[in-house]
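The structure appears right after this line, and notes come after that.
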Amino acid sequence: MKKRIAAIVLCALLVICVFPTETFAAQNNEDIIILYENDVHCAVEGYSRLSAMKKELQDTYAHVGVVSGGDYIQGSSLGAISQGQYIVDLMNLVGYDAVTLGNHEFDYRMERLAELVGMMDTKPVCCNFQKIGETESYFEPYTIVSYGDVDIAYIGITTPHTITSSSPAQFKDESGEYIYTFNPTALYDFVQDAIDSAKSEGADYVIALSHIGYADNETYGDLEDIEDLIGNTDGFDVVLDAHSHSVIEGKTVVDEGGNEVLLSSTGTKFEYIGKLTISGGEFKTELIKTEDYQKTDPVIDSYIEKINAEYAVLGDRKVAFSEVDLITQDANGNRLVRNSETNLGDLCAEAVRSIMSADIGYMNGGGLRADILAGDITFNDLLSVFPFNNTIVLAEVSGQTMKDMMEMAVMLWPEEDGSFPHLSGITFSVNTDIPSSVVVNEMEEFVGVDGPYRVYDIKVFNSETGKYEPMELTKKYTIASSNYFLLEQGSGMEMLEDAVILQNEGLLDVEALERYIVENLGGVVSEEYRDMVPNITFTEGEQGVPNQTVSTLWIIGAVVVLLLAMLLIAILIRKRKCKTNSK
């Protein structure tokens with residue numbers, strides 16, 4: 001009996017020694033691993049690899065988390081068709097510890113965002129979004145997550161530019177007054193308050209989930225740069241940044257207190273998955289190229305197949321054929337639409353002008369999100385170009401309003417700007433030697449032009465004469481564009497606030513594009529669209545004011561002719577007097 005008991009005990013010990021080895025090792029590895037992503041924009045396949053990576057790391061580490069820097073629910077037809085629900089479902093399957101809001105989380109409007117938040121297992125954090133007049137943030141400013149004995153606070157920060165880069169009308173009341181704010185002038189104070197509060201609550205480390213990013217210009221002041229934010233606050237250990245699609249593996253930035261803060265960002269569309277390792281109070285970030293990580297999560301793979309099947313009937317429907325590539329970028333993958341015209345952009349402007357029978361069609365480069373390659377065009381292709389569910393509106397504006405609108409649309413050129421115009425029915429030139437005189441307020445909204453205009457020689461197509469004619473500043477013109485501009489004054493286009501709305505029947509931009517290609521082009525985008533005919537001409541120096549030069553020369557010539565005529569008359573009169581006297 002004793003031998004039998006000893007044998008049983010020995011077998012049990014062998015089982016304990018053999019099977020729980022990895023689990024035991026994981027429980028004793030107190031390093032904390034945080035996987036992070038930003039600006040995914042509906043690149044759903046990445047969620048499967050992210051989930052697989054999380055599960056693989058959990059075999060080695062006791063504490064593995066996942067966080068997001070925002071801009072996840074918008075960016076493809078899959079997001080647009082479900083208005084974000086498919087993406088929220090995928091994120092719930094992965095299991096996130098913390099998420100913040102990007103500006104594109106507001107694209108489906110506040111009401112829809114509230115519905116999506118209700119579906120999210122992990123509620124978003126944002127310290128600087130607030131209802132005006134209230135003392136608390138609209139969302140929780142931060143969340144504290146425990147990893148064993150270590151408490152980490154994740155503070156959410158959303159770019160103040162959301163107020164204009166999303167849909168401004170949703171942040172206003174019925175009288176057009178703003179009732180929400182992202183606190184652009186007090187951003188640093190709101191962030192510092194969140195840091196102090198999280199630390200007083202017992203957070204061991206503080207990590208920012210920041211949707212601020214970098215900018216290429218200083219037109220809108222100091223709040224453009226994530227490094228400015230770090231330099232004007234004190235207390236972050238790590239900043240995981242988003243919004244500008246920057247690829248930063250790890251960069252040290254000194255904060256207001258002289259402390260070193262680790263900054264990282266993963267690019268966009270799951271180009272990389274970030275990995276933050278916290279070990280003994282030390283922080284290390286690295287970027288893992290997503291396509292190089294081959295493992296996937298079968299549960300998420302199965303869900304992606306399911307949702308693809310659900311919208312395939314709509315998305316894969318063939319609507320037309322294109323003989324040419326309709327582009328948003330050049331052959332090297334460099335984006336074009338935010339600082340130059342493209343054949344796709346002008347086709348879209350032509351489509352909305354024609355469908356709405358307007359004088360002018362205007363589509364902004366930031367609203368054109370994908371190429372259409374030569375071959376069959378599916379509805380899904382069109383929806384990839386226009387993923388925002390914007391509607392097309394017809395409005396009446398003065399020539400002066402159009403001039404101000406074009407001036408603001410090119411004020412940053414040659415730098416990128418989402419409002420860069422793609423046009424139909426209107427042409428103009430830009431004197432690039434004249435710096436922009438556009439004045440904006442703290443909300444980045446148009447106030448006026450305090451100096452010479454860059455735009456000149458503006459002409460509007462007259463459908464009756466078939467010719468382009470000089471635009472008259474006091475004349476009324478009709479313009480077809482998205483609700484983003486004409487109803488909501490997106491991108492700060494406040495000069496459109498008084499536009500007279502002539503038609504707003506809910507026609508989607510994607511529907512207008514489909515109708516135009518099918519009905520007006522006979523279902524074929526032909527070879528004539530291969531080479532784009534520019535509507536905008538960029539000039540330098542004296543070329544920028546040819547009309548003034550010609551006018552001046554004409555006046556001088558007229559004066560010379562008049563003086564010569566007067567001299568000739570005087571000579572004739574003198575001769576006649578001489579003849580009279582001789583008689």
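The table below lists the values:
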{"item": "All positions within the stretch 278-313 that are within 26 Å of the chain's Cα centre (by Cα), assigned to a helix (DSSP H, G or I) and not acidic (D, E)", "result": "T290, I304, I307, N308, Y311"}
{"item": "Residue in the stretch 484-496 that is open to solvent by 40 Å² or more (accessible area, probe 1.4 Å), of a type in the set (D, E), at pLDDT 65 or above and in a helix (DSSP H, G or I) present", "result": "no"}
{"item": "Test: residue in the stretch 404-419 that is open to solvent by less than 10 Å² (accessible area, probe 1.4 Å) and among the aromatic types (F, W, Y)", "result": "no"}
{"item": "Residue list for the stretch 182-200, restricted to those being without any contact (Cβ under 8 Å) to a residue 12 or more places away in the chain and crowded, with 23+ Cβ neighbours inside 10 Å", "result": "none"}
{"item": "In the stretch 156-169, the residues that are surrounded by fewer than 18 Cβ atoms within 10 Å (Cβ to Cβ) and touching a strand residue (DSSP E or B) at 6+ places or on another chain (Cβ under 8 Å)", "result": "none"}
{"item": "Qualifying residue in the stretch 270-277 (condition: within 21 Å of I34 (Cβ to Cβ), open to solvent by 80 Å² or more (accessible area, probe 1.4 Å) and either touching a helix residue (DSSP H, G or I) at 6+ places or on another chain (Cβ under 7 Å) or not in a loop (DSSP other than H, G, I, E, B) (or both))", "result": "no"}
{"item": "Members of the stretch 450-467 that are within 21 Å of D417 (Cα to Cα) and open to solvent by 40 Å² or more (accessible area, probe 1.4 Å)", "result": "D450, P452, Y453"}
{"item": "Complete set of residues in the stretch 499-529 that are under 26 Å from G399 (Cα atoms), of a type in the set (D, E) and either free of Cβ contacts under 8 Å to residues at least 24 places away in the same chain or out of contact with any helix residue (DSSP H, G or I) (no Cβ under 9 Å at 6 or more places or on another chain) (or both)", "result": "E505"}
{"item": "Among residues of the stretch 108-129, those that are within 20 Å of A242 (Cβ to Cβ), touching a residue at least 40 places away in the same chain (Cβ under 8 Å) and open to solvent by 10 Å² or more (accessible area, probe 1.4 Å), counted", "result": "1"}
{"item": "Residue check for T537: within 25 Å of N431 (Cα to Cα), open to solvent by less than 90 Å² (accessible area, probe 1.4 Å) and at pLDDT below 50", "result": "no"}
{"item": "Check on T143, touching a residue at least 40 places away in the same chain (Cβ under 8 Å), open to solvent by 60 Å² or more (accessible area, probe 1.4 Å) and among the hydroxyl-bearing types (S, T, Y)", "result": "no"}
{"item": "Inter-residue pairs, beta-carbon under 6 Å, first over 22 Å from D107 (Cβ atoms) and touching a residue at least 12 places away in the same chain (Cβ under 8 Å) and in the stretch 150-179, second among the small types (G, A, S) and open to solvent by 10 Å² or more (accessible area, probe 1.4 Å), 6+ apart", "result": "D151/G202; D151/A203; A153/A203"}
{"item": "Test for E56: is it at pLDDT 95 or above and within 25 Å of Y138 (Cα to Cα)", "result": "no"}
{"item": "Residue ID - surrounded by the fewest Cβ atoms within 10 Å (Cβ to Cβ), chosen from residues in the stretch 423-449 that are of a type in the set (V, I, T) and in contact with a Phe, Trp or Tyr (Cβ under 9 Å, 6 or more places away or on another chain)", "result": "V439"}
{"item": "Any chance V150 is touching an Asp or Glu at 6+ places or on another chain (Cβ under 9 Å), modelled with pLDDT of 95 or more and open to solvent by 30 Å² or more (accessible area, probe 1.4 Å)", "result": "yes"}
{"item": "Residue among G95, G156, G118 that alone is within 28 Å of D417 (Cα to Cα), modelled with pLDDT of 95 or more and out of contact with any helix residue (DSSP H, G or I) (no Cβ under 6 Å at 6 or more places or on another chain)", "result": "G156"}
{"item": "Failed item in (1) open to solvent by 80 Å² or more (accessible area, probe 1.4 Å); (2) at pLDDT 95 or above; (3) within 30 Å of L347 (Cα to Cα), with E323 passing the rest", "result": "(1)"}
{"item": "Every residue from the stretch 296-320 that is closer than 18 Å to E514 by Cβ and surrounded by fewer than 17 Cβ atoms within 10 Å (Cβ to Cβ)", "result": "A312, V313, L314, D316, R317, K318"}
{"item": "Identity of the residue in the stretch 46-69, touching a residue at least 40 places away in the same chain (Cβ under 8 Å) and part of a strand (DSSP E or B), that ends up surrounded by the most Cβ atoms within 10 Å (Cβ to Cβ)", "result": "S68"}
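The values are calculated or read from the model by the stated rules, or taken from the named source; none is laboratory data. Computed from a predicted structure; not experimentally measured. Neighbour counts are summed over all protein chains in view; Cβ atoms, including those assigned to glycine, are modelled from backbone coordinates with ideal geometry. With ligands, DNA and RNA removed, areas are computed over all heavy atoms of the protein, side chains included. Shrake-Rupley method; radii C 1.70, N 1.55, O 1.52, S 1.80 Å.
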